[in-house]
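Inspection log for the structure reproduced underneath, given as structure tokens.
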Protein chains: 2
Amino acid sequence: MRTLIFILFILGFQVVLAQEKTGEFVDLTYSFSNESVYWVTAREFELEEVAKGETDLGFYYSANNFSTAEHGGTHIDAPIHFAEGAQTVDQIPLENLIGDAVKVNVSDSTLKNPDYLISLKDLQNWEKEHGPIPNGGIVLFQTGFGNYYPNAKKYLGTDKRGPEAVKELHFPGLSAEAAEWLIANRKIKAVGIDTASIDFGQSQDFATHVALMAKNVPAFENVANLDQLPERGFTIIALPMKIKGGSGGPLRIIAIK
Amino acid sequence: MRTLIFILFILGFQVVLAQEKTGEFVDLTYSFSNESVYWVTAREFELEEVAKGETDLGFYYSANNFSTAEHGGTHIDAPIHFAEGAQTVDQIPLENLIGDAVKVNVSDSTLKNPDYLISLKDLQNWEKEHGPIPNGGIVLFQTGFGNYYPNAKKYLGTDKRGPEAVKELHFPGLSAEAAEWLIANRKIKAVGIDTASIDFGQSQDFATHVALMAKNVPAFENVANLDQLPERGFTIIALPMKIKGGSGGPLRIIAIK
């Protein structure tokens, strides 16, 4: 009996591996620099050089300090970002950050309308073509806006900064209705998008953030290189900086395809 | 022929999976807070609350800024930290940060001598008992000092800070000889340790850093929970914050056992 269980276990992994095919890594992370895109009201990334060059002791030494908002560049929104009492970034279980993923490409719709909201219909159309979104999966949305990064004017809709710039934000996002459907019907672990926010730029109530985070579903934002992924059959590993009590933070996110 | 290659590929993974057994994640990362241990001369982690509570718009919102040295808490030393022209943290190939790993436990020796240097003999003894360190593997060193984290007095040997405290640092490290042997004979991809530095506290010349980094071998420092790992048969996934040109940075490191 134990032998049988072991063989079934191995066969299960064979199926997974047969889907994954190559084992190739894809880095879905933008590097942090003074070009990184931040929310118009957020503190931008700043690197301060502490040492660079030969020391008196005979060895080369390079070191820096940096400061940043938690939410900028490729980062994670922890559930507490928009839901009181929900998980902080250090409390998100690793199981929710690693696993089977799919990509939903809505570039055709968003390029015609920068305020496009990804709808339940988009998800249903995707499933018709590619089969069901796996239960407990991670869903990434490719809007095509990743092609504009780090050009703030094109990526965010504005290169102005400060509270007055908020109303000038124009980029697509996930509708609250679609988010709620994914949570209720596909038990998704996390979502990701190639824009600055899982809510669209013109959102006033951040209803999609609220819907996701009240259910402890984190969001990956400013995700890079989604054009290098297939529609399904890949694994996401998303490991955020472990900030105690943090509402989010820098994220290193990769795919294995 | 292609079928044969595919079958060999699957069989190779079967061996790996049979070793890994459970698929259980172990988080080897300390969370960042004002308790995080930093080098005595480095800027410590600081979190600044930006928002926390209900907004006028009817939703809850929490967000923070933070500042830190690249080298503190659980972090990576990129090769450029001690080797001019070597890889910056954003340039380290993902292949060097993910893979088969072993743990060398030298706690018995270090607890008798906080200035203990892990020797070539320690590696040879380990291989006699556990078999060869895998070629292209990642090697983690358990000194037992992780049990003291974040008590700086016990973990670093001093709770003083500033340049004068450097000479009071007492904790074990990896000898340059052992590092060179691992690079030349086992082609290791990376090393990790449960102390603040891969060189021991009393090092003046940081010879182990120099030996590793001149060959583009990064080091993981202040690694947590090594006592939860077996001696071999686990996979490391070590994903650092991707700082453009960075000499290192916050690291999220996990094991799958």
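The values are calculated or read from the model by the stated rules, or taken from the named source; none is laboratory data. Every value quoted in this text rests on a predicted model; they were computed, and no experiment measured them. In this analysis, Cβ positions are derived from the backbone assuming ideal geometry, glycine residues included, and neighbour counts consider all displayed protein chains.
Can you confirm whether segment A:70-89 contains a residue that is more than 8 Å from chain B (Cβ to nearest Cβ) and among the charged types (D, E, K, R)?
Yes.
If A:ASN222 passes every condition in (1) surrounded by fewer than 23 Cβ atoms within 10 Å (Cβ to Cβ); (2) at positive phi but one, which one does it miss?
For A:ASN222, the failing item is (1).
Checking the structure you have, find out if any residue of segment A:172-182 is of a type in the set (Ser, Thr, Tyr) and more than 22 Å from A:GLY72 (Cβ to Cβ).
yes
With respect to B:ALA255, determine if the residue is small (Gly, Ala, Ser), more than 13 Å from chain A (Cβ to nearest Cβ) and surrounded by 20 or more Cβ atoms within 10 Å (Cβ to Cβ).
Details: small (Gly, Ala, Ser): yes; more than 13 Å from chain A (Cβ to nearest Cβ): no; surrounded by 20 or more Cβ atoms within 10 Å (Cβ to Cβ): yes.
No.
Say we look at segment B:14-35 and pick out the residues that are within 7 Å of chain A (Cβ to nearest Cβ) and modelled with pLDDT under 95; which of these is nearest to A:PRO240 (Cα to Cα)?
If we take residues in segment B:14-35 being within 7 Å of chain A (Cβ to nearest Cβ) and modelled with pLDDT under 95, then B:LEU17 is nearest to A:PRO240 (Cα to Cα).
Filter segment A:118-171 down to the residues that are acidic (Asp, Glu) and within 23 Å of A:PRO230 (Cα to Cα) and list them by number.
A:ASP122, A:GLU127, A:GLU129
Does segment B:227-235 contain at least one residue that is surrounded by 22 or more Cβ atoms within 10 Å (Cβ to Cβ), in contact (Cβ under 8 Å) with a residue 60 or more places away in the chain, small (Gly, Ala, Ser) and under 23 Å from B:LEU28 (Cα atoms)? Walk me through it before giving the result.
Applying the first criterion (surrounded by 22 or more Cβ atoms within 10 Å (Cβ to Cβ)) to segment B:227-235 yields B:234.
Those still in the list that are in contact (Cβ under 8 Å) with a residue 60 or more places away in the chain too: B:234.
Pick out the ones that are also small (Gly, Ala, Ser) and you get none.
Among the residues of segment B:227-235, not one is surrounded by 22 or more Cβ atoms within 10 Å (Cβ to Cβ), in contact (Cβ under 8 Å) with a residue 60 or more places away in the chain, small (Gly, Ala, Ser) and under 23 Å from B:LEU28 (Cα atoms), which makes the answer no.
Please count how many residues of segment A:22-66 are of a type outside the set (Phe, Trp, Tyr) and without any contact (Cβ under 8 Å) to a residue 60 or more places away in the chain.
Of the residues in segment A:22-66, 23 are of a type outside the set (Phe, Trp, Tyr) and without any contact (Cβ under 8 Å) to a residue 60 or more places away in the chain.
Which of (1) closer than 23 Å to A:ASN125 by Cβ; (2) surrounded by fewer than 24 Cβ atoms within 10 Å (Cβ to Cβ); (3) basic (Lys, Arg) does A:LYS189 not meet, given it meets every other one?
(2)
Scanning segment A:178-214 for residues that are within 14 Å of chain B (Cβ to nearest Cβ) and charged (D, E, K, R), which turns out farthest from A:ALA101 (Cα to Cα)?
In this case the residue turns out to be A:ASP205.
Only one residue in A:LYS103, A:LYS112 is more than 14 Å from chain B (Cβ to nearest Cβ) and at pLDDT below 95, so which one is that?
Testing whether each residue is more than 14 Å from chain B (Cβ to nearest Cβ) and at pLDDT below 95 leaves just A:LYS112.
Taking B:SER247, is it farther than 15 Å from B:ILE133 by Cβ, crowded, with 23+ Cβ neighbours inside 10 Å, at pLDDT 95 or above and within 14 Å of chain A (Cβ to nearest Cβ)?
Yes.
Please go through segment A:26-75 and give me each residue that is part of a loop (DSSP other than H, G, I, E, B), surrounded by 17 or more Cβ atoms within 10 Å (Cβ to Cβ) and of a type in the set (Ser, Thr, Tyr), ordered by number.
Answer for segment A:26-75, where residues must be part of a loop (DSSP other than H, G, I, E, B), surrounded by 17 or more Cβ atoms within 10 Å (Cβ to Cβ) and of a type in the set (Ser, Thr, Tyr): A:THR29, A:TYR30, A:SER31, A:SER33, A:SER36, A:THR74.
Of A:PHE206, A:PHE200, A:PHE171, A:PHE234, which residue is closer than 29 Å to B:VAL223 by Cα and aromatic (Phe, Trp, Tyr)?
Working: A:PHE206 fails: closer than 29 Å to B:VAL223 by Cα; A:PHE200 fails: closer than 29 Å to B:VAL223 by Cα; A:PHE171 fails: closer than 29 Å to B:VAL223 by Cα.
It is A:PHE234.
Taking into account only those residues within segment A:245-257 that are part of a strand (DSSP E or B) and not basic (Lys, Arg), which is nearest to A:ALA86 (Cα to Cα)?
A:GLY248
Residue by residue, here is whether (1) touching a Leu at 6+ places or on another chain (Cβ under 8 Å); (2) in contact (Cβ under 8 Å) with a residue 40 or more places away in the chain; (3) of a type in the set (Phe, Trp, Tyr) holds:
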{"site": "B:LYS154", "(1), (2), (3)": "no, no, no"}
{"site": "B:PRO163", "(1), (2), (3)": "no, yes, no"}
{"site": "B:PRO172", "(1), (2), (3)": "yes, yes, no"}
{"site": "B:THR208", "(1), (2), (3)": "yes, no, no"}
{"site": "B:ALA219", "(1), (2), (3)": "yes, yes, no"}
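Please go through segment A:226-244 and pick out each residue that is within 8 Å of chain B (Cβ to nearest Cβ) and closer than 30 Å to A:TRP126 by Cα.
A:ILE237, A:LEU239, A:PRO240
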